[in-house]
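Data block below; observations after.
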Amino acid sequence: MSYNDRFIRASMKEHVDRVPVWYMRQAGRYDPEYRKIKEKYSLLEICKQPELAAEVTLMPVRKLGVDAAILYSDIMNPVASIGIDFDIVANIGPVIHNPIRSAADVERLKPIDVEGDLGHVIETIRILDRELDVPLITFAGAPFTIASYLIEGRPSKNYLSTKEMMYSEPKVWHELMRKLGDMVITYLRAHVAAGGKAFQLFDSWVGALAPADFKRFVLPTIERIFDELSDLPQPKIYFPGVSSGELLPELHNLKANVIGLDWRVSIPEGRRRLDHKFAVQGNLDPTILTAPMSVIESYAAEIIDQGITDPGFIFNLGHGLFPEASLEKLAELTAFIHTYSEKAIKAQNKGATSNV
Ligand code: CP3
């Protein structure tokens with residue numbers, strides 16, 4: 001089969017014959033074959049075996065027919081290299097054994113050593129670069145989202161300790177953002193050098209901030225990350241996570257190509273808030289996948305109709321897939337997105353020519 005570059009073309013706002021689709025957290029837990037592998041190995045153990053991590057990355061590409069692969073890894077993986085000791089605990093998520101609480105804790109963080117500590121991630125990317133016939137998306141966690149785990153020590157609802165540091169110790173906070181920003185830049189550059197074809201910066205929890213605080217405490221580092229990587233021709237995605245609609249107008253100067261939207265803001269409203277500067281990706285509420293197929297398809301059709309009015313649209317969920325999602329429904333949804341959007345784009349092109 002020839003290489004499918006629709007995801008790259010849509011990211012660059014180029015013409016596509018059908019809408020590309022991939023799903024955040026598509027490697028995974030809804031798949032009985034993955035759950036079998038997880039009975040034997042933890043997430044970190046899988047990541048340390050490049051052949052197996054590559055296989056887990058490939059599974060959803062084969063089974064769902066998506067237009068991009070996302071590296072099997074976790075946003076926490078690189079922090080092992082800067083001196084953070086963590087585990088991914090079942091039914092909880094990342095748990096940090098030495099949370100960051102003080103200036104001295106931030107001081108102790110080392111620069112990332114990708115080749116020395118994360119060679120397994122680089123090797124997984126190299127294997128996938130040989131095996132895939134769709135683009136490989138690699139990713140990093142954004143500094144606020146990573147900091148929220150490092151400071152809280154585990155997933156949090158209100159980010160009390162994180163915000164305490166931000167508001168009470170702004171110098172320490174900015175130093176932490178600087179160090180995590182450096183980590184992300186070095187890590188993502190290494191992904192691209194190994195064969196990554198695009199990358200996404202996951203800022204899953206930054207929607208917890210007011211726009212003015214986002215601007216003051218987080219955005220300068222996000223802008224620096226995309227500035228420093230702007231020499232790379234690969235598409236760059238910023239996902240500002242859940243409840244981030246109010247932050248979208250702040251993103252105008254970002255040197256990213258694509259912004260991920262959650263479902264609280266419609267595609268046209270998201271584009272308007274972003275001043276039509278970026279391709280957009282989103283934004284089906286993943287819980288809609290619990291509904292009958294006819295309902296799922298009607299929501300997907302509405303999103304596609306909104307998406308294809310402008311160049312630069314990638315179908316995705318507004319947040320990650322959950323373990324209860326069904327493999328069969330996801331495969332059916334992917335096929336529906338392809339056939340429905342192909343017809344809709346054809347009809348649109350015909351309309352455009354007959355209007356001339
Ligand atoms: O998208 C993919 O399929 C690729 C793999 C991937 C994982 N984590 C593997 C994983 C990606 C892209 C991530 C990103 C990630 N990790 C984010 C950003 C995306 C988002 O959901 O907002 C965040 C916040 C994390 C941190 C994290 N890791 C949490 C909160 C959890 C537990 C909650 C959960 O969803 O299970 C994890 C564990 C984790 N990371 C699992 C997987 C497949 C589940 C546990 C497992 O299978 O061992």
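Data table
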quantity	calculated
Relative contact order %, the chain, counting alpha carbon pairs below 8 Å whose residues are six or more apart	22 percent
Simple spin-label estimate for Arg126 and Lys36 in nanometres, 7 Å along Cα-Cβ	3.0 nm
Helix-derived mean residue ellipticity, 222 nm - over the chain, DSSP H n ≥ 4, -39500 (n - 2.57), to 500	-14500 deg cm²/dmol
Qualifying chymotrypsin sites (Phe, Trp or Tyr not before Pro) for the stretch 27-75 [loop in DSSP, other Cβ within 10 Å: at most 15]	Tyr41
Approximate spin-label separation Lys343-Asp17, in nm, with each point projected 7 Å along Cα-to-Cβ	1.8 nm
FRET efficiency, Ala104 to Asp133 (Cβ-Cβ, R0 45 Å, nearest 0.05)	0.35
Considering only the chain, percent of DSSP beta bridges that pair antiparallel, nearest 5	15 percent
Alpha-carbon centroid distance for the pair the stretch 171-227 / the stretch 250-285, whole angstrom	17 Å
For the chain, alpha-carbon Rg and Dmax in angstrom	19.8, 68
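No value in this document is a laboratory result; all are computed from the given coordinates. It should be emphasised that the depicted structure is a prediction, and the values quoted were computed from it without experimental measurement. Every residue, glycine as well, gets a Cβ built from its backbone with ideal geometry; the counts of neighbours run over all protein chains shown.
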